[in-house]
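These notes concern the structure reproduced below.
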Amino acid sequence: MTHIWIRAEERPNERRVAVTPSGMTELIQAGFRVTLEEDPTRAIPLADYPACSLAATGSWCNAPKDAIILGLKELPEDDSPLVHRHIMFGHAYKGQTEGPALLNRFKRGGGMLYDLEYLIDENGNYIDFYYSL
């Protein structure tokens with residue numbers, strides 16, 4: 001069973017979340033195991049989400065290695081190796097200042113970045129997540 005770990009956004013003033021309650025219901029119905037990090041500042045209250053495993057903010061670092069970590073914005077800046085697969089806007093490939101450091105963290109940890117800016121559909125077209133989320 002694929003495990004999706006929805007992390008809390010830890011950037012200042014970021015209240016969004018990568019999955020809505022209805023989206024989480026769809027994931028669960030499709031057979032995914034879902035863990036949701038608690039976040040008291042999130043725009044969508046925790047009570048609106050269906051029953052799932054809950055975890056503390058920032059605990060994605062200690063998630064099972066096979067979990068896919070799903071978020072929106074960049075990770076907190078530190079130098080720890082990244083061992084998980086991450087789905088997020090990595091901001092790592094367009095010359096952003098912190099891009100090389102982030103990619104080096106994945107390289108050292110053996111993890112993988114699925115950058116939402118560069119995902120394509122079955123026809124080779126970029127998926128515009130800024131409008132379809």
>> Please give me, ordered by residue number, the GluC sites (Glu not before Pro) of region 1-47 that lie in loop per DSSP and have at most 14 other Cβ atoms within 10 Å.
In response: GLU38
>> Please list, by residue number, every one of the trypsin sites (Lys or Arg not before Pro) in region 49-130 that is coil in DSSP and has at most 13 other beta-carbon atoms within 10 Å.
In response: LYS65, LYS94
>> Taking all protein chains in place and a 1.4 Å probe, what share, in percent, of the accessible surface of region 1-111 do carbon and sulfur account for?
In response: 53
>> Skipping prolines and chain starts, which residues have an amide H placed within reach, meaning under 5 Å, of the one on ARG85, given they are 5 or more residues away or on another chain?
In response: ILE69, MET112
> How much length is gained on full extension from THR25 to ASP78, taking 0.36 nm per residue of separation minus their Cα-Cα distance?
Replying inline: 15.8 nm
> Which length gain, in nm to one decimal place, applies between CYS61 and GLU122 when the Cα-Cα distance is subtracted from 0.36 nm times their residue separation?
Replying inline: 18.8 nm
>> When a/c reaches 1.5 or more, the comparison of a/b and b/c decides; with that in mind, is region 28-133 rounded, prolate or oblate per its Cα gyration tensor?
In response: oblate
>> Give me a comma-separated list of calculated 3J(HN,Hα) values for region 114-127, in order, Karplus coefficients 6.51, -1.76, 1.60 applied at θ = phi - 60°, integers in Hz, x for any Gly or Pro.
In response: 9, 7, 4, 6, 10, 6, 10, 8, 5, 9, x, 8, 5, 8
> How many Å³ per residue does the convex hull of the Cα positions in region 1-47 occupy?
Replying inline: 66
> By a straight-distance test (C-alpha under 19 Å), which lysines pair with LYS65 as possible cross-link partners, with residues fewer than eight away in the same chain excluded?
Replying inline: LYS107
>> If each residue of separation counts as 0.36 nm, what is the full-extension length gain between ARG16 and SER53 once their alpha-carbon separation is subtracted?
In response: 11.4 nm
>> About the Cα centre, and with charges only on the beta carbon of Lys, Arg (+1) and Asp, Glu (-1), how big is the dipole of region 62-133? Nearest 20 debye, please.
In response: 280
> About the Cα centre of the chain, what is the dipole size in debye to 20, counting +1 per Lys and Arg Cβ and -1 per Asp and Glu Cβ, all else neutral?
Replying inline: 260
> Which aspartates and glutamates, on any chain, are close to LYS94 with Cα under 19 Å apart, when same-chain ones fewer than 8 places away are left out?
Replying inline: GLU74, GLU77, ASP115, GLU117, ASP128
> If you add up the charges near HIS86, with Lys and Arg at +1 and Asp and Glu at -1, over every other residue whose beta carbon is less than 12 angstrom from its beta carbon, what do you get?
Replying inline: +2
>> About the Cα centre, and with charges only on the beta carbon of Lys, Arg (+1) and Asp, Glu (-1), how big is the dipole of region 2-49? Nearest 20 debye, please.
In response: 80
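The values are calculated or read from the model by the stated rules, or taken from the named source; none is laboratory data. All figures in this text were calculated on a predicted structure; none of them were measured in a lab. Quick reminder, even Gly has a Cβ in these numbers, built from the backbone with ideal geometry, and neighbours come from all protein chains shown. Keep in mind that these areas ignore ligands, DNA and RNA; they rest on the heavy atoms of the full protein, side chains included. Shrake-Rupley method; radii C 1.70, N 1.55, O 1.52, S 1.80 Å.
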